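Asks: Quick one: this structure, given as structure tokens, is what I'll be asking you about.
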Amino acid sequence: MNTLPLAAVRGQLDRCGPWLAPLGLRLLLAWEYFESGREKLQGQNWFAELQGAFPFPFDQLPASVNWQLATWFELVGAACLLFGLGTRFAAACLLVLTVVATYAVHWPMHWDSLGELAMGYAISDQGFGNFKLPALFMAMLLPLLLNGAGRLSVDAWVARYTPIRTETAE
């Protein structure tokens, strides 16, 4: 029986990681944000009901503007993630959008203890918040923001074929 040593397996995983790990994050997040944006595009604006819950500066904008911003950031951001185009910028925008959504919609309105707060780490509408998915999305966006789209992306292709200019002192 021929088995690969642990170091060889680890080496293969290390070589696949820059290709597949960011791609998996991008595809899953692109799907989720596209679905959310499509629902907003085809649905009714319900942001007016919670306009006062938005943090500054979004509480200063009309609900219709916030609705359009959220819709188009989700749709365009999803497309950017899908192709790996402008990934860091898209991840930053979607991270801000998700923080605002968590603050305004998903965070528990009232909690007196960490135990009560932890009850909001769920996918539920039982009154304790439901910030589990937004928290997961934020954690998934961070590697894309910090490390980029990975090797299977338009960003990587552009970087490969764009010469890096260095300035020389004269």
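The values are calculated or read from the model by the stated rules, or taken from the named source; none is laboratory data. Quick caveat, the model's predicted, so the values are computed rather than measured. Cβ sites come from the backbone with ideal geometry, for glycine too, and all protein chains shown count toward neighbours. The accessibility values were calculated without ligands, DNA or RNA, using every heavy atom of the protein model including side chains. Shrake-Rupley method; radii C 1.70, N 1.55, O 1.52, S 1.80 Å.
Asks: Given the C-alpha atoms of segment 4-45, compute the convex hull and give its volume per residue in Å³.
Replies: Hull volume normalised by residue count: 61 Å³.
Asks: Cα gyration tensor of segment 44-99, axes a ≥ b ≥ c as square roots of the eigenvalues: rounded (a/c below 1.5), prolate (a/b > b/c) or oblate?
Replies: It comes out prolate by the Cα gyration axes.
Asks: So what's the projected area for the chain, the Cα convex hull averaged over all directions, in nm²?
Replies: Projected area, direction-averaged: 17.4 nm².
Asks: Report, in deg cm²/dmol and to the nearest 500, the calculated mean residue ellipticity at 222 nm for the chain, where each DSSP H run with n ≥ 4 adds -39500 (n - 2.57) and the sum is divided by the residue count.
Replies: So the helix-based figure for the chain works out to -20000 deg cm²/dmol.
Asks: Follow-up. Going through segment 17-61, which chymotrypsin sites (Phe, Trp or Tyr not before Pro) have at most 13 other Cβ atoms within 10 Å and a DSSP loop state?
Replies: When the chymotrypsin sites (Phe, Trp or Tyr not before Pro) of segment 17-61 are filtered for loop state and at most 13 Cβ neighbours within 10 Å, TRP46 remain.
Asks: Could you tally the net charge around ARG38, taking each other residue with its Cβ under 15 Å from the Cβ of ARG38, Lys/Arg +1 and Asp/Glu -1?
Replies: For residues surrounding ARG38, the net value is -3.
Asks: Hey, if you put +1 on the Cβ of every Lys and Arg and -1 on every Asp and Glu Cβ in the chain, which of GLY150, TRP111, ALA70 ends up farthest toward the positive end of that dipole?
Replies: GLY150
Asks: Given 0.36 nm per residue, what is the gain on full extension from LEU41 to THR162 after removing their alpha carbon distance, in nm?
Replies: 40.0 nm
Asks: Run through segment 1-85 and list the GluC sites (Glu not before Pro) located in a DSSP loop whose Cβ has at most 12 other Cβ atoms within 10 Å. Let's see the in-between values first.
Replies: On the way: sites: GLU32, GLU35, GLU39, GLU49, GLU74; in loops: none.
For GluC sites (Glu not before Pro) across segment 1-85 that sit outside H, G, I, E and B with at most 12 neighbouring Cβ atoms in 10 Å, the list is empty.
Asks: With a 1.4 Å probe and every protein chain kept in, tell me what percent of the accessible surface of the chain is carbon plus sulfur. Spell out each step's value before the answer.
Replies: Working: 7580 of 11470 Å².
Percent of accessible area from carbon and sulfur atoms in the chain: 66.
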